[in-house]
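Okay, so here's the structure we're looking at.
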Amino acid sequence: MPHLIDKRDRAALLRTRLSEAMDRAGSNQTALARAVGVDRSTISQLLKDQGARLPNAHLVGACAQALGVSSDWLLGLSDRPELAADLLANSLTVTEAPRALVDETIYQWHREAEGYKIRYVPPALPDMLKTQAMLEWEYTPHLGKTTEQAINASNDRLNWMRGARSDYEIALPLHELESFAAGTGYYAGLSVGLRQAQLDLLIELAEGLYPRMRIYLFDARALYSAPLTIFGPLLAVLYMGRNYLAFRDTDRISAFAAHFDGLVREAQVSARALPDHLRDLRARVG
């Protein structure tokens, strides 16, 4: 059962927190009394009364609204002084997502989570695992002169990942690599040589970075996942194409992490088995 605060202690906490809120807001008894529509003596008594009497809910709510804090915090029911709307606004942010990883925001999220496990469901093959030729094929039609920046940024991310203290888990749908190897769908038009070189790089990285980087393949016919990244316990980011939805509240981060762990648990190809799977795909190309 939750711990119940004695009425006298709650009244003392209310006086302390009300005084703190007034100081933060640069307010005083006269200004607060005017804002909530009571006499100054009412506020003075509220701050100085050493008894166990608590003010009515209307007065507590009015003071909280005037000072920009929550009634729950004033009454000791919460340790967060922010209003509920402010807490929600801080827990969910919308950030613009560039076409390629020329993006300091997502790089900063990676640095912030250094040392934690980073879980990643990419929208396609991860940029940082692509060859330069693959990046040029993918981004030149859209980015033009900034393609070089995208390539450099992707190389920076891979180099950072090699030296960072974070573990990476990546979950990809099986059909993504099948389609890539066959040169179908999104990958139609890719030359045989480019696909072979890309698969060779994936084999090299899957073996060379294991177990720090683990890639799992899941069956999208049985499971579905939108592109997302989970930065340890700090942040979960859902990729929408033009924007990222970034969540910082514990419940949502835990839900995203449980979803990702389900993808890994049900993976058809484990991280250990991935290099052999890639070699099978490589043998079929051409």
Out of (1) hydroxyl-bearing (Ser, Thr, Tyr); (2) within 30 Å of ALA246 (Cβ to Cβ); (3) at pLDDT 70 or above, what's the single condition that is false for SER91?
(3)
Which condition does ILE170 not pass, out of (1) at pLDDT 70 or above; (2) in a helix (DSSP H, G or I), if it passes all the others?
(2)
How many of the residues in region 32-47 are surrounded by fewer than 16 Cβ atoms within 10 Å (Cβ to Cβ) and free of Cβ contacts under 8 Å to residues at least 12 places away in the same chain?
5
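Of everything in region 104-122 that's of a type in the set (Val, Ile, Thr) and assigned to a strand (DSSP E or B), which residue is modelled with the lowest pLDDT?
Step one: of region 104-122, the residues of a type in the set (Val, Ile, Thr) are 105-106, 118, 121.
Remaining after also requiring assigned to a strand (DSSP E or B): 118, 121.
Numbers: ILE118: 93, VAL121: 97.
Ranking the qualifying residues of region 104-122, first place goes to ILE118.
Here are some residues: LEU217, LEU245, LEU238, LEU223. Which one is in the same structural domain as ARG119 (by TED's automatic domain parsing), at pLDDT below 95, buried (at least 16 other Cβ atoms within 10 Å of the Cβ) and closer than 22 Å to ALA181 by Cα?
One residue alone meets the criteria, LEU223.
The values are calculated or read from the model by the stated rules, or taken from the named source; none is laboratory data. Everything quoted here is computed from the prediction, not taken from an experiment. As a convention, Cβ positions derive from the backbone with ideal geometry for all residues, glycine included, and neighbour counts pool all protein chains shown.
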